[in-house]
Amino acid sequence: MRLPDPEQIRAILLDIEGTTTPASFVYDVLFPYAAQELNRFLHRHIGDPEIHPYLAELKEHRLADANPNLPAWQESSEEEQINSLAAYAHWLIERDSKLTALKGLQGRIWQEGYARGELHGQVYPDVPPALRRWKERHKHVYIYSSGSELAQRLLFQSTEYGDLTALIAGFFDTRVGAKTLPGSYQEIASRIRCAPQQILFASDTPGELEAAQSAGLHSVLSVRGASNVPALLNSPAIRSFDEIFPP
């Protein structure tokens with residue numbers, strides 16, 4: 001498979017984990033940090049109106065969850081409510097849940113970590129020059145990740161290569177829909193005012209690429225350091241962004 005003609009593409013849509021950023025940063029740095037800080041964060045911010053929607057959705061999701069192995073839920077006092085929310089959030093984190101409320105809460109925790117200098121965003125070395133190259137060629141770059149829009153911005157603002165957000169036209173999270181649903185990509189295409197066939201989506205997850213293809217987007221499979229490359233219909237595989245519309 002070949003990449004589409006660059007002249008056909010107006011926008012490049014990028015996944016984060018395994019595509020712009022090592023998966024180890026997400027699983028070995030961000031997730032443990034959120035889990036470590038979760039209880040303290042809730043004690044500091046339980047009364048903040050900005051996080052109430054996240055907590056209400058977490059509670060609603062927990063009470064509707066029929067899994068028999070869920071942590072107990074108690075809320076006769078504020079302390080019990082905090083402990084119940086924290087226990088359920090930990091349970092979701094351990095299972096790599098994509099629940100929007102969890103991602104929003106993690107984003108707020110990471111925001112404080114970045115502000116304290118305890119977190120710094122990571123991207124592969126080929127990402128900054130690629131973003132600059134594509135912008136020079138008038139390709140609009142967007143990010144689409146299960147992590148919250150806030151978390152995405154924080155990551156790209158704080159890399160060792162500097163703040164990269166000026167090279168990115170916009171950010172999308174699961175509020176537009178799940179990444180394995182074609183409708184999510186149709187919604188993004190509508191929002192950025194591009195025909196689906198004018199968008200190239202890069203991800204390391206075949207299910208996401210198949211959904212994007214079903215919506216009419218072009219796709220490319222990011223394999224980075226993988227030794228085994230899965231076969232994916234209509235998706236060429238790349239190991240570096242240097243392979244996407246090089247100079």
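Considering only residues in the range 131-165 that are out of contact with any Leu (no Cβ under 9 Å at 6 or more places or on another chain) and assigned to a helix (DSSP H, G or I), the one that is surrounded by the most Cβ atoms within 10 Å (Cβ to Cβ) turns out to be 152. Among the residues of the range 106-128, those that are in contact (Cβ under 8 Å) with a residue 60 or more places away in the chain and assigned to a helix (DSSP H, G or I) comprise 106, 108, 109, 110, 112, 113, 127. Just so you know, in the range 13-49 the residues that are among the aromatic types (Phe, Trp, Tyr) and closer than 17 Å to residue 97 by Cβ include one that is surrounded by the most Cβ atoms within 10 Å (Cβ to Cβ), and it is 33. The residue list 86, 72, 56 contains one member that is outside any helix (DSSP H, G or I) and in the same structural domain as residue 109 (by TED's automatic domain parsing), which is 72. Within the range 68-90, the set of residues being under 15 Å from residue 102 (Cβ atoms) and either of a type in the set (S, T, N, Q) or touching a Ser or Thr at 6+ places or on another chain (Cβ under 6 Å) (or both) comprises 84 only.
The values are calculated or read from the model by the stated rules, or taken from the named source; none is laboratory data. Computed from a predicted structure; not experimentally measured. Note: ideal-geometry Cβ built from the backbone for every residue, glycine included; neighbour counts use all protein chains shown.
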